[in-house]
Amino acid sequence: MKTIQTDVLVCGGGCAGIAAALSSARNGAQTLLIERAGFSGGIITTVGLPYFDGLIDKPSGRFVVKGIALELLQRLGIAKPGAKSIDDLPPELVTKYWGSMWIPNVEHFKVLTDELILQQSEKLKVLYHSVACDVEVKEGRVAAVIIANKDGLTRVEAKQVIDCTGDGDIAHWAGCPTISSKPLMPLTLHFRIGNVVPTKETTPTAKKVLIEAHKEGRLVNFYGPGLIFAFAKDECYVHATRVPADATNAADFTRAEIQGRKDAWAIFNEWKAKVPGFENSYYIMSGPYIGVRDTRRIVGLNVLTLEDLQKTTRHDDAVATGCWFLDIHPPEVSVDKPFTGSGFQPKPYDISYRTLVPQKVSNLLVAGRCHSASSEASASSRVTATAMALGEAAGTAAALAMKAKSEVGTFDGVKVRETLAKQNGGPFSEA
(Lines give C-alpha, C1' and ligand atoms only; values in the text may rest on other atoms or scores of the structure.)
Protein backbone atom coordinates (compact mmCIF):
# COMPACT_ATOMS: atom_id res chain seq x y z
CA MET A 1 0.00 0.00 0.00
CA LYS A 2 1.25 3.48 -0.86
CA THR A 3 2.36 5.56 2.16
CA ILE A 4 2.34 9.34 2.66
CA GLN A 5 4.16 10.93 5.57
CA THR A 6 3.34 14.33 7.03
CA ASP A 7 3.57 16.28 10.27
CA VAL A 8 -0.16 16.95 10.57
CA LEU A 9 -3.12 15.25 8.92
CA VAL A 10 -6.48 17.02 8.90
CA CYS A 11 -9.40 14.72 8.08
CA GLY A 12 -12.30 16.72 6.68
CA GLY A 13 -12.24 20.09 4.94
CA GLY A 14 -15.39 21.61 6.38
CA CYS A 15 -15.58 24.75 8.54
CA ALA A 16 -13.37 23.24 11.24
CA GLY A 17 -11.08 21.41 8.82
CA ILE A 18 -10.20 24.29 6.52
CA ALA A 19 -9.36 26.47 9.53
CA ALA A 20 -7.32 23.66 11.11
CA ALA A 21 -5.32 23.03 7.94
CA LEU A 22 -4.57 26.71 7.31
CA SER A 23 -3.60 27.31 10.92
CA SER A 24 -1.35 24.27 11.07
CA ALA A 25 0.49 25.21 7.88
CA ARG A 26 0.80 28.89 8.78
CA ASN A 27 2.39 27.85 12.07
CA GLY A 28 5.04 25.87 10.23
CA ALA A 29 3.83 22.26 10.18
CA GLN A 30 3.85 20.15 7.03
CA THR A 31 0.12 19.53 6.67
CA LEU A 32 -2.13 17.32 4.56
CA LEU A 33 -5.86 18.04 4.28
CA ILE A 34 -8.23 15.39 2.95
CA GLU A 35 -11.84 16.08 2.01
CA ARG A 36 -14.54 13.81 0.54
CA ALA A 37 -15.97 16.52 -1.74
CA GLY A 38 -14.19 18.29 -4.57
CA PHE A 39 -13.94 21.50 -2.55
CA SER A 40 -13.65 22.77 1.02
CA GLY A 41 -16.26 24.55 3.12
CA GLY A 42 -18.37 21.78 4.62
CA ILE A 43 -21.95 22.72 5.38
CA ILE A 44 -21.51 26.09 3.63
CA THR A 45 -20.54 24.54 0.29
CA THR A 46 -21.46 20.84 0.37
CA VAL A 47 -24.89 21.52 1.88
CA GLY A 48 -25.47 25.09 0.81
CA LEU A 49 -26.16 26.69 4.20
CA PRO A 50 -24.63 30.13 3.59
CA TYR A 51 -24.47 31.37 7.19
CA PHE A 52 -21.70 32.35 9.61
CA ASP A 53 -23.61 31.29 12.72
CA GLY A 54 -21.93 31.79 16.08
CA LEU A 55 -19.90 34.78 14.92
CA ILE A 56 -21.96 37.44 16.68
CA ASP A 57 -23.15 37.81 20.27
CA LYS A 58 -26.78 38.64 19.54
CA PRO A 59 -27.52 40.98 22.51
CA SER A 60 -24.42 43.16 22.05
CA GLY A 61 -23.79 42.69 18.33
CA ARG A 62 -20.07 42.14 19.00
CA PHE A 63 -18.01 39.55 17.11
CA VAL A 64 -16.91 36.81 19.49
CA VAL A 65 -15.02 34.87 16.80
CA LYS A 66 -12.14 36.48 14.93
CA GLY A 67 -9.08 34.77 13.48
CA ILE A 68 -9.58 32.79 10.28
CA ALA A 69 -13.37 33.14 10.34
CA LEU A 70 -13.14 36.93 10.27
CA GLU A 71 -10.34 36.74 7.70
CA LEU A 72 -12.63 34.78 5.39
CA LEU A 73 -15.32 37.43 5.68
CA GLN A 74 -12.80 40.15 4.93
CA ARG A 75 -11.44 38.32 1.90
CA LEU A 76 -14.98 37.80 0.64
CA GLY A 77 -15.39 41.56 0.78
CA ILE A 78 -18.09 41.33 3.45
CA ALA A 79 -16.28 42.64 6.53
CA LYS A 80 -13.90 45.60 6.40
CA PRO A 81 -10.51 45.47 8.16
CA GLY A 82 -11.00 46.26 11.82
CA ALA A 83 -14.65 45.15 11.87
CA LYS A 84 -15.77 44.36 15.41
CA SER A 85 -19.56 44.16 15.37
CA ILE A 86 -22.71 43.52 13.41
CA ASP A 87 -22.82 47.26 12.62
CA ASP A 88 -19.62 46.83 10.56
CA LEU A 89 -21.35 44.42 8.16
CA PRO A 90 -23.53 45.27 5.14
CA PRO A 91 -27.07 45.45 6.60
CA GLU A 92 -28.52 43.47 3.69
CA LEU A 93 -26.39 40.46 4.72
CA VAL A 94 -27.39 40.50 8.39
CA THR A 95 -30.21 38.53 10.02
CA LYS A 96 -30.62 40.36 13.32
CA TYR A 97 -33.35 37.97 14.46
CA TRP A 98 -30.76 35.19 14.67
CA GLY A 99 -27.70 37.31 15.32
CA SER A 100 -26.07 35.96 12.18
CA MET A 101 -25.01 36.91 8.68
CA TRP A 102 -24.98 35.13 5.35
CA ILE A 103 -22.60 34.70 2.43
CA PRO A 104 -24.03 36.06 -0.84
CA ASN A 105 -22.12 33.62 -3.07
CA VAL A 106 -21.24 30.08 -2.02
CA GLU A 107 -19.18 29.53 -5.19
CA HIS A 108 -16.95 32.45 -4.20
CA PHE A 109 -16.39 30.73 -0.86
CA LYS A 110 -15.16 27.60 -2.67
CA VAL A 111 -12.74 29.61 -4.78
CA LEU A 112 -11.48 31.54 -1.76
CA THR A 113 -10.68 28.44 0.27
CA ASP A 114 -8.83 26.99 -2.73
CA GLU A 115 -6.80 30.20 -3.01
CA LEU A 116 -5.89 30.17 0.68
CA ILE A 117 -4.78 26.54 0.46
CA LEU A 118 -2.61 27.26 -2.58
CA GLN A 119 -1.04 30.25 -0.84
CA GLN A 120 0.37 27.80 1.73
CA SER A 121 1.49 25.26 -0.89
CA GLU A 122 4.97 24.83 0.60
CA LYS A 123 3.48 23.56 3.83
CA LEU A 124 -0.08 22.55 2.93
CA LYS A 125 -1.25 19.87 0.50
CA VAL A 126 -4.86 18.95 -0.18
CA LEU A 127 -6.46 15.80 -1.55
CA TYR A 128 -10.09 16.30 -2.55
CA HIS A 129 -12.33 13.33 -3.38
CA SER A 130 -10.59 11.50 -0.54
CA VAL A 131 -12.12 9.95 2.54
CA ALA A 132 -10.67 8.42 5.68
CA CYS A 133 -11.83 4.81 6.00
CA ASP A 134 -9.73 3.22 8.77
CA VAL A 135 -7.02 3.87 11.34
CA GLU A 136 -4.05 2.02 12.77
CA VAL A 137 -3.43 2.52 16.48
CA LYS A 138 -0.17 1.53 18.14
CA GLU A 139 0.85 2.17 21.75
CA GLY A 140 -1.88 4.77 22.32
CA ARG A 141 -1.16 6.75 19.14
CA VAL A 142 -2.75 6.95 15.71
CA ALA A 143 0.07 5.38 13.70
CA ALA A 144 -1.68 5.78 10.35
CA VAL A 145 -4.98 6.79 8.78
CA ILE A 146 -6.12 4.81 5.74
CA ILE A 147 -7.64 7.00 3.04
CA ALA A 148 -9.47 5.99 -0.12
CA ASN A 149 -9.48 7.92 -3.40
CA LYS A 150 -8.70 7.39 -7.10
CA ASP A 151 -5.24 6.14 -6.12
CA GLY A 152 -6.86 3.29 -4.19
CA LEU A 153 -6.04 2.85 -0.51
CA THR A 154 -3.21 4.91 0.97
CA ARG A 155 -1.66 4.93 4.44
CA VAL A 156 -1.05 8.40 5.82
CA GLU A 157 1.47 8.45 8.64
CA ALA A 158 1.14 11.70 10.57
CA LYS A 159 2.75 12.77 13.81
CA GLN A 160 -0.42 14.64 14.79
CA VAL A 161 -3.96 13.97 13.51
CA ILE A 162 -6.96 16.31 13.60
CA ASP A 163 -10.40 14.75 13.22
CA CYS A 164 -12.71 17.25 11.52
CA THR A 165 -15.00 14.62 10.00
CA GLY A 166 -18.05 16.01 11.81
CA ASP A 167 -18.89 12.51 13.02
CA GLY A 168 -15.74 11.86 15.03
CA ASP A 169 -14.89 8.98 12.69
CA ILE A 170 -11.16 8.90 13.40
CA ALA A 171 -11.64 9.07 17.16
CA HIS A 172 -14.34 6.39 17.04
CA TRP A 173 -12.26 3.99 14.94
CA ALA A 174 -9.28 4.63 17.21
CA GLY A 175 -11.28 3.43 20.21
CA CYS A 176 -11.83 6.79 21.90
CA PRO A 177 -15.02 7.05 24.00
CA THR A 178 -17.88 8.80 22.20
CA ILE A 179 -21.52 9.66 22.90
CA SER A 180 -24.60 10.46 20.82
CA SER A 181 -27.78 12.39 21.49
CA LYS A 182 -31.07 10.55 21.96
CA PRO A 183 -32.91 11.21 19.79
CA LEU A 184 -30.53 12.48 17.16
CA MET A 185 -31.50 15.74 15.54
CA PRO A 186 -32.87 15.31 12.00
CA LEU A 187 -31.05 16.00 8.74
CA THR A 188 -32.01 18.78 6.33
CA LEU A 189 -31.57 18.97 2.56
CA HIS A 190 -31.31 22.61 1.49
CA PHE A 191 -32.52 23.67 -1.95
CA ARG A 192 -33.06 26.71 -4.12
CA ILE A 193 -35.98 27.82 -6.35
CA GLY A 194 -35.65 30.48 -9.04
CA ASN A 195 -38.02 32.96 -10.69
CA VAL A 196 -40.19 33.50 -7.61
CA VAL A 197 -42.21 36.69 -7.08
CA PRO A 198 -42.35 37.17 -3.29
CA THR A 199 -45.22 38.93 -1.50
CA LYS A 200 -46.20 39.48 2.13
CA GLU A 201 -48.35 36.35 1.89
CA THR A 202 -45.65 34.09 0.42
CA THR A 203 -44.42 32.51 3.67
CA PRO A 204 -47.79 32.04 5.44
CA THR A 205 -49.35 30.60 2.27
CA ALA A 206 -46.37 28.29 1.71
CA LYS A 207 -46.66 27.11 5.29
CA LYS A 208 -50.40 26.41 4.95
CA VAL A 209 -49.83 24.43 1.74
CA LEU A 210 -47.19 22.21 3.39
CA ILE A 211 -49.41 21.53 6.39
CA GLU A 212 -52.13 20.31 4.02
CA ALA A 213 -49.65 18.21 2.01
CA HIS A 214 -48.41 16.58 5.20
CA LYS A 215 -51.93 15.83 6.48
CA GLU A 216 -52.90 14.33 3.12
CA GLY A 217 -49.76 12.15 2.95
CA ARG A 218 -47.91 13.88 0.09
CA LEU A 219 -45.12 15.13 2.36
CA VAL A 220 -43.65 12.92 5.08
CA ASN A 221 -41.98 15.54 7.23
CA PHE A 222 -41.02 19.22 7.24
CA TYR A 223 -40.59 22.22 9.48
CA GLY A 224 -40.81 25.99 9.16
CA PRO A 225 -40.61 26.56 6.30
CA GLY A 226 -37.68 28.95 6.04
CA LEU A 227 -37.97 30.86 2.77
CA ILE A 228 -35.05 33.21 2.41
CA PHE A 229 -34.32 35.41 -0.58
CA ALA A 230 -30.61 35.43 0.16
CA PHE A 231 -28.98 35.09 -3.25
CA ALA A 232 -31.30 37.18 -5.42
CA LYS A 233 -34.62 39.01 -5.13
CA ASP A 234 -36.35 36.33 -7.19
CA GLU A 235 -34.47 33.30 -5.87
CA CYS A 236 -35.82 31.42 -2.88
CA TYR A 237 -33.38 29.51 -0.66
CA VAL A 238 -35.37 26.89 1.27
CA HIS A 239 -34.70 25.49 4.72
CA ALA A 240 -37.65 23.13 5.28
CA THR A 241 -36.92 19.40 4.95
CA ARG A 242 -36.51 17.31 8.08
CA VAL A 243 -35.34 13.68 7.84
CA PRO A 244 -34.71 11.61 11.00
CA ALA A 245 -31.62 9.42 10.44
CA ASP A 246 -28.28 8.30 11.82
CA ALA A 247 -25.66 9.69 9.43
CA THR A 248 -22.98 7.36 10.86
CA ASN A 249 -24.89 4.39 9.44
CA ALA A 250 -24.23 4.08 5.69
CA ALA A 251 -27.62 2.58 4.82
CA ASP A 252 -29.56 5.07 6.93
CA PHE A 253 -27.51 7.97 5.56
CA THR A 254 -28.32 6.84 2.01
CA ARG A 255 -32.02 6.55 2.86
CA ALA A 256 -31.95 10.09 4.27
CA GLU A 257 -30.40 11.53 1.10
CA ILE A 258 -33.07 9.87 -1.04
CA GLN A 259 -35.89 10.98 1.26
CA GLY A 260 -34.54 14.52 1.46
CA ARG A 261 -34.50 14.89 -2.32
CA LYS A 262 -37.99 13.45 -2.59
CA ASP A 263 -39.33 15.81 0.06
CA ALA A 264 -37.65 18.86 -1.47
CA TRP A 265 -39.11 18.06 -4.89
CA ALA A 266 -42.54 17.55 -3.33
CA ILE A 267 -42.34 20.90 -1.55
CA PHE A 268 -41.38 22.65 -4.78
CA ASN A 269 -44.28 21.09 -6.70
CA GLU A 270 -46.80 21.95 -3.98
CA TRP A 271 -45.71 25.58 -4.02
CA LYS A 272 -45.54 25.86 -7.80
CA ALA A 273 -49.11 24.61 -8.05
CA LYS A 274 -50.66 26.46 -5.10
CA VAL A 275 -48.65 29.46 -3.89
CA PRO A 276 -49.03 32.80 -5.74
CA GLY A 277 -45.66 33.95 -7.01
CA PHE A 278 -44.38 30.44 -7.68
CA GLU A 279 -46.34 29.88 -10.91
CA ASN A 280 -43.32 30.34 -13.20
CA SER A 281 -40.68 29.18 -10.75
CA TYR A 282 -38.13 26.45 -11.43
CA TYR A 283 -36.10 24.14 -9.20
CA ILE A 284 -32.46 25.28 -9.39
CA MET A 285 -30.61 22.74 -7.26
CA SER A 286 -30.27 21.07 -3.90
CA GLY A 287 -27.06 20.93 -1.91
CA PRO A 288 -24.62 18.21 -3.02
CA TYR A 289 -25.13 16.58 0.41
CA ILE A 290 -27.90 16.56 2.97
CA GLY A 291 -27.04 18.60 6.06
CA VAL A 292 -26.16 16.72 9.24
CA ARG A 293 -26.58 18.41 12.63
CA ASP A 294 -25.88 15.69 15.10
CA THR A 295 -24.15 12.30 15.27
CA ARG A 296 -21.43 11.18 17.66
CA ARG A 297 -19.22 13.39 19.83
CA ILE A 298 -16.08 12.52 21.73
CA VAL A 299 -15.91 12.33 25.51
CA GLY A 300 -12.87 14.53 25.97
CA LEU A 301 -10.72 15.57 28.89
CA ASN A 302 -13.35 18.26 29.49
CA VAL A 303 -17.03 18.19 28.51
CA LEU A 304 -18.81 21.44 27.64
CA THR A 305 -22.19 21.35 29.43
CA LEU A 306 -25.41 23.32 29.56
CA GLU A 307 -24.39 24.46 33.04
CA ASP A 308 -21.19 25.92 31.54
CA LEU A 309 -23.31 27.97 29.16
CA GLN A 310 -25.73 29.06 31.89
CA LYS A 311 -22.99 30.07 34.33
CA THR A 312 -20.54 31.30 31.66
CA THR A 313 -17.81 29.06 33.07
CA ARG A 314 -14.31 30.39 32.43
CA HIS A 315 -11.23 28.30 31.56
CA ASP A 316 -7.57 29.28 31.56
CA ASP A 317 -7.13 27.03 28.50
CA ALA A 318 -10.09 28.48 26.57
CA VAL A 319 -9.28 28.48 22.85
CA ALA A 320 -12.63 29.59 21.41
CA THR A 321 -15.85 31.34 22.36
CA GLY A 322 -19.40 30.14 21.71
CA CYS A 323 -22.50 32.35 21.63
CA TRP A 324 -25.23 30.64 19.55
CA PHE A 325 -28.60 29.83 21.10
CA LEU A 326 -29.68 26.27 21.99
CA ASP A 327 -30.53 25.26 18.43
CA ILE A 328 -32.20 21.87 19.06
CA HIS A 329 -34.34 20.47 16.24
CA PRO A 330 -36.93 17.78 16.97
CA PRO A 331 -37.15 14.83 14.54
CA GLU A 332 -40.91 15.15 14.00
CA VAL A 333 -42.94 17.73 12.07
CA SER A 334 -42.68 21.10 13.76
CA VAL A 335 -44.33 24.17 12.30
CA ASP A 336 -44.98 26.74 15.02
CA LYS A 337 -42.23 25.47 17.36
CA PRO A 338 -39.25 24.46 15.19
CA PHE A 339 -36.93 24.03 18.21
CA THR A 340 -37.40 21.71 21.18
CA GLY A 341 -34.80 23.57 23.23
CA SER A 342 -35.68 26.53 25.41
CA GLY A 343 -34.17 28.83 22.83
CA PHE A 344 -31.81 29.83 25.64
CA GLN A 345 -29.40 32.53 24.49
CA PRO A 346 -26.15 32.23 26.43
CA LYS A 347 -23.68 34.99 27.06
CA PRO A 348 -20.36 34.42 25.25
CA TYR A 349 -18.84 31.35 26.89
CA ASP A 350 -15.41 29.70 26.95
CA ILE A 351 -14.65 26.45 25.16
CA SER A 352 -11.71 24.64 26.74
CA TYR A 353 -8.86 23.17 24.72
CA ARG A 354 -9.56 19.94 26.60
CA THR A 355 -12.89 19.55 24.75
CA LEU A 356 -10.77 18.91 21.64
CA VAL A 357 -8.69 16.21 23.33
CA PRO A 358 -10.14 12.67 23.23
CA GLN A 359 -9.33 9.99 25.75
CA LYS A 360 -6.96 7.07 25.10
CA VAL A 361 -5.06 8.47 22.08
CA SER A 362 -2.24 10.97 22.60
CA ASN A 363 -1.67 12.43 19.12
CA LEU A 364 -5.28 13.15 18.14
CA LEU A 365 -7.48 16.25 18.37
CA VAL A 366 -11.13 16.57 17.39
CA ALA A 367 -12.60 19.86 16.16
CA GLY A 368 -16.03 20.93 14.95
CA ARG A 369 -19.45 19.65 15.98
CA CYS A 370 -17.98 16.35 17.23
CA HIS A 371 -15.90 17.99 19.98
CA SER A 372 -16.62 17.06 23.60
CA ALA A 373 -19.97 18.57 24.60
CA SER A 374 -23.27 17.47 26.09
CA SER A 375 -26.32 17.22 23.83
CA GLU A 376 -27.64 20.61 24.95
CA ALA A 377 -24.31 22.44 24.81
CA SER A 378 -23.50 20.95 21.43
CA ALA A 379 -26.70 22.48 20.05
CA SER A 380 -24.97 25.83 20.56
CA SER A 381 -21.32 24.99 19.83
CA ARG A 382 -21.91 22.96 16.63
CA VAL A 383 -22.41 25.92 14.28
CA THR A 384 -20.18 27.24 11.48
CA ALA A 385 -18.17 30.13 12.95
CA THR A 386 -17.65 28.30 16.24
CA ALA A 387 -16.42 25.25 14.33
CA MET A 388 -13.92 27.46 12.49
CA ALA A 389 -12.59 28.77 15.80
CA LEU A 390 -12.21 25.23 17.15
CA GLY A 391 -10.46 24.14 13.96
CA GLU A 392 -8.06 27.07 14.11
CA ALA A 393 -7.22 26.15 17.71
CA ALA A 394 -6.62 22.52 16.79
CA GLY A 395 -4.36 23.40 13.86
CA THR A 396 -2.36 25.81 15.99
CA ALA A 397 -1.98 23.21 18.73
CA ALA A 398 -0.79 20.55 16.30
CA ALA A 399 1.91 22.84 14.88
CA LEU A 400 3.02 23.93 18.35
CA ALA A 401 3.22 20.31 19.48
CA MET A 402 5.42 19.54 16.48
CA LYS A 403 7.81 22.37 17.37
CA ALA A 404 7.92 21.22 20.99
CA LYS A 405 8.37 17.56 19.97
CA SER A 406 5.31 16.86 22.07
CA GLU A 407 1.82 15.40 21.57
CA VAL A 408 -1.40 17.36 21.18
CA GLY A 409 -3.07 15.24 23.84
CA THR A 410 -0.67 16.41 26.54
CA PHE A 411 0.06 19.89 25.20
CA ASP A 412 -0.71 22.89 27.39
CA GLY A 413 -3.89 24.56 26.18
CA VAL A 414 -2.84 27.84 27.79
CA LYS A 415 0.06 28.02 25.34
CA VAL A 416 -2.38 27.40 22.49
CA ARG A 417 -4.54 30.26 23.75
CA GLU A 418 -1.54 32.59 23.96
CA THR A 419 -0.48 31.82 20.39
CA LEU A 420 -4.03 32.27 19.08
CA ALA A 421 -4.17 35.71 20.72
CA LYS A 422 -1.05 36.72 18.77
CA GLN A 423 -2.86 35.61 15.58
CA ASN A 424 -5.97 37.69 16.38
CA GLY A 425 -7.82 34.48 17.24
CA GLY A 426 -8.80 32.56 20.33
CA PRO A 427 -11.51 33.35 22.88
CA PHE A 428 -13.50 36.57 22.95
CA SER A 429 -12.05 39.59 24.71
CA GLU A 430 -13.67 42.96 25.38
CA ALA A 431 -10.43 44.64 24.24
Diffusion constant of the range 81-178 at 10 °C, which comes from Stokes-Einstein with the Kirkwood Cα-pair radius and 1.306 mPa s, µm²/s: 93 µm²/s
statement: Computed over all unlike Cα pairs, the Kirkwood hydrodynamic radius of the range 360-431 in Å stands at 13.0 Å
query: Over all Cα pairs of the range 231-304, how is the pair count split among 10 Å bins, expressed in % and running from 0 up to the last occupied bin?
result: 16, 38, 25, 15, 6, 1
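Using a 1.4 Å probe on the protein chains only, how many percent of the accessible area of the range 337-431 belongs to carbon and sulfur? Write out the running numbers ahead of the final one.
Working: 1700 of 3350 Å².
On the range 337-431, the fraction of accessible area on carbon and sulfur atoms equals 51 percent.
How would you order 67-79, 280-292, 236-248, 370-382 from highest to lowest mean count of nearby Cβ atoms within 10 Å? Walk me through the intermediate numbers first.
Values: 67-79: 20.6, 280-292: 17.6, 236-248: 22.6, 370-382: 26.6.
Ranked by mean Cβ neighbours within 10 Å, highest first: 370-382, 236-248, 67-79, 280-292.
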query: Under a Cβ-Cβ cut-off of 10 Å, what is the net charge of the residues other than Gly12 that fall near it, where Lys and Arg count +1 and Asp and Glu count -1?
result: -3
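Nothing charged except the Cβ atoms of Lys and Arg (+1) and of Asp and Glu (-1): what's the magnitude of the dipole of the range 62-220 about its Cα centre? Round to the nearest 20 debye.
Numbers: 21 positive and 19 negative charges, 96 e Å.
The dipole of the range 62-220 has a size of about 460 debye.
What percent do you get for the relative contact order of the range 100-168 when only Cα pairs under 8 Å and 6+ apart count?
Working: 56 pairs, mean separation 11.8, N = 69.
RCO, the range 100-168: 17 percent.
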Size of charge dipole - the range 361-431 - debye, nearest 20, with Cβ of Lys, Arg +1 and Asp, Glu -1, no other charges: 180 debye
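How large is the Kirkwood hydrodynamic radius of the chain, in angstrom, based on all distinct alpha carbon pairs?
Values: mean 1/r = 0.0461 Å⁻¹.
Taking the inverse mean of 1/r over all distinct Cα pairs, the chain comes out at 21.7 Å.
Give the calculated FRET efficiency between Glu92 and Gln119 to the nearest 0.05, with a Förster radius of 45 Å applied to their Cβ-Cβ distance. Mind showing how you got there, number by number?
Values: r = 30 Å, r/R0 = 0.66.
So, using R0 = 45 Å, E works out to roughly 0.95.
With the other protein chains left in place, how much accessible area per residue, in square angstrom, belongs to the chain at a 1.4 angstrom probe?
Working: 17200 Å² over 431 residues.
Per-residue accessible area for the chain comes out at 40 Å².
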query: Of the listed peptides 297-306, 193-202, what is their order by residue-averaged count of other C-beta atoms within 10 Å, with the highest listed first?
result: 297-306, 193-202
message: Here is the link list: Lys84/Lys233; Lys2/Lys150; Lys66/Lys347; Lys58/Lys422. Which ones come out longer than 23 Å on Cα distance?
response: Lys84/Lys233; Lys58/Lys422
The range 81-149: chymotrypsin sites (Phe, Trp or Tyr not before Pro) in DSSP loop, at most 16 other beta carbons within 10 Å: Tyr97, Trp98, Tyr128
field: Cβ charges +1 (Lys, Arg) and -1 (Asp, Glu), total dipole of the chain, debye
entry: 60 debye
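The values are calculated or read from the model by the stated rules, or taken from the named source; none is laboratory data. Everything numeric here is computed off the predicted structure, so don't read it as measured data. When we count neighbours, we look across all protein chains shown, and the Cβ atoms used for this are built from the backbone with ideal geometry, even at glycine. With ligands, DNA and RNA removed, areas are computed over all heavy atoms of the protein, side chains included. Shrake-Rupley method; radii C 1.70, N 1.55, O 1.52, S 1.80 Å.
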